[in-house]
Ligand code: HEC
């Protein structure tokens with residue numbers, strides 16, 4: 001018998017698995033981008049220090065480097081595997097798609113990362129212990145290796161959005177997949193913003209410098225870096241948006257909140273103003289204020305950006321062929337992969353899934369609600385929270401509608417035909433559409449959360465033994 005290759009669903013009530021991935025990823029981006037930007041900034045400072053004989057710049061490298069050892073390297077190394085773990089359970093087939101295409105790229109990235117981690121210790125602890133030329137060389141290798149990690153990861157991130165060339169679907173081949181339409185735009189934009197983060201976080205260290213003249217010098221360097229990077233980032237963002245696939249444009253125009261563009265401009269202007277102020281009045285820079293700014297960048301800059309990137313990728317999680325709900329959307333001869341849509345149309349969702357209790361495989365009046373719950377978990381919960389809060393709560397998206405027939409018509413129309421550009425094609429036969437509609441209607445009625453919770457407790461939907 002044919003089955004869909006779906007794994008059990010990881011569902012977090014109240015938030016949704018997507019947001020957990022998003023939270024970990026957003027924090028990780030702050031740690032990692034700051035570190036890469038700092039590595040390159042350090043190479044520049046080291047060059048200046050040796051050329052102009054300004055050993056105090058090495059002192060700053062040492063201080064900021066030590067700070068980053070905890071801030072970026074320890075915390076980054078905790079959140080990095082956190083991303084692996086959470087994405088693997090939230091989106092096993094998305095991760096599988098990436099691994100099958102890029103396993104050696106990842107191995108390469110890891111080699112660069114090892115050089116980076118060794119490098120950060122070396123530039124901190126070898127200041128004054130090795131000759132200048134050697135230290136400078138180490139700083140430059142450290143900078144390049146750090147940027148190497150970024151280069152590779154962006155190729156992979158850009159593949160998630162859109163595989164490089166259309167031939168990739170037919171012929172495979174990682175170069176075809178790796179250099180996507182938005183690889184370089186994304187790389188350029190992130191490069192700019194990583195310097196913004198390096199400059200903001202660097203303020204935490206610079207703010208603590210006692211010597212007023214030295215503090216002014218470092219603060220101004222950071223402020224100049226930050227202002228240039230922020231302006232460049234804003235411009236490069238425009239370029240990046242222009243490279244997005246057509247579906248992403250439709251979502252960007254119709255589905256991102258109206259305030260998204262405005263809040264982005266406001267955030268960038270705020271950051272720019274902050275750098276301008278610290279350039280004019282370096283005395284105002286204190287570790288506490290700089291920490292506050294770092295948090296602001298995280299909340300008003302990175303979080304919306306990561307959420308938007310996730311939205312713009314819809315309905316896919318990877319490579320325009322794995323839907324966010326893990327169903328394979330199309331044939332990819334290059335990888336020997338076939339679309340699963342025909343199988344679902346032929347056999348229905350519930351009978352063709354491995355991790356569904358036998359009693360739910362055929363919908364009947366007694367199990368309809370439960371079967372609908374199971375369907376919602378597999379087909380919708382990756383993008384819509386089933387509870388009232390979290391990521392795109394399903395009940396809210398139906399506007400409190402409790403008319404089962406109407407919901408069923410919507411499901412079979414909008415989702416069953418695959419015509420909604422930002423949602424997967426989800427073919428549902430009459431019985432399954434009815435079951436799902438029942439469940440959705442129950443979410444909107446007052447008792448809904450209790451029914452849903454009770455269902456969940458009484459029914460470990462993902463247990464094949466039942
Ligand atoms: C790939 C992720 C994804 C999946 C899976 C998904 N949706 Fe959506 N859905 C979206 C996005 C994205 C939007 C719209 C944009 C927004 O506001 O963020 C949306 C919007 C909606 C809306 C609002 C009306 C509309 O047509 O825009 C409804 C209703 C809806 N989804 C129902 C469902 C149901 C029911 C399921 C499961 C059977 C489902 N969705 C599965 C991503 C998804």
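The values are calculated or read from the model by the stated rules, or taken from the named source; none is laboratory data. What you are looking at is a predicted structure, and each value in this text was computed from that prediction instead of being measured. Every residue, glycine as well, gets a Cβ built from its backbone with ideal geometry; the counts of neighbours run over all protein chains shown.
If the condition is being more than 18 Å from residue 365 (Cβ to Cβ), within 9 Å of the ligand (Cβ to nearest atom) and at pLDDT 90 or above, then the range 416-432 contributes 423, 424, 426. Here residue 371 meets the list (1) buried (at least 23 other Cβ atoms within 10 Å of the Cβ); (2) more than 25 Å from residue 15 (Cα to Cα) almost entirely, failing just condition (2).
Among what's in the range 394-408 and is more than 9 Å from the ligand (Cβ to nearest atom) and modelled with pLDDT of 90 or more, pick the residue that is surrounded by the fewest Cβ atoms within 10 Å (Cβ to Cβ). Result: 405.
Quick check on this structure: which one of 369, 411 is more than 9 Å from the ligand (Cβ to nearest atom) and part of a helix (DSSP H, G or I)?
Details: 411 fails: more than 9 Å from the ligand (Cβ to nearest atom).
The unique qualifying residue is 369.
Going by the structure shown, is residue 264 in contact (Cβ under 8 Å) with a residue 12 or more places away in the chain, surrounded by 14 or more Cβ atoms within 10 Å (Cβ to Cβ), closer than 17 Å to residue 189 by Cα and out of contact with any helix residue (DSSP H, G or I) (no Cβ under 6 Å at 6 or more places or on another chain)?
Values: in contact (Cβ under 8 Å) with a residue 12 or more places away in the chain: yes; surrounded by 14 or more Cβ atoms within 10 Å (Cβ to Cβ): yes; closer than 17 Å to residue 189 by Cα: yes; out of contact with any helix residue (DSSP H, G or I) (no Cβ under 6 Å at 6 or more places or on another chain): yes.
Criteria met by residue 264.
Examine the range 290-305 for a residue that is crowded, with 17+ Cβ neighbours inside 10 Å and within 14 Å of the ligand (Cβ to nearest atom), and state whether such a residue exists. Scanning the range 290-305 turns up at least one residue that is crowded, with 17+ Cβ neighbours inside 10 Å and within 14 Å of the ligand (Cβ to nearest atom). Would you be able to say whether some residue in the range 131-151 is in a loop (DSSP other than H, G, I, E, B) and free of Cβ contacts under 8 Å to residues at least 24 places away in the same chain? The answer is yes, given that some residue of the range 131-151 is in a loop (DSSP other than H, G, I, E, B) and free of Cβ contacts under 8 Å to residues at least 24 places away in the same chain.
For residue 85, the requirement of being surrounded by fewer than 16 Cβ atoms within 10 Å (Cβ to Cβ), touching a strand residue (DSSP E or B) at 6+ places or on another chain (Cβ under 9 Å) and over 16 Å from residue 127 (Cβ atoms) is not met. From the list 168, 239, 274, the lone residue that is in the same structural domain as residue 108 (by TED's automatic domain parsing), touching a strand residue (DSSP E or B) at 6+ places or on another chain (Cβ under 9 Å) and part of a helix (DSSP H, G or I) is 168.
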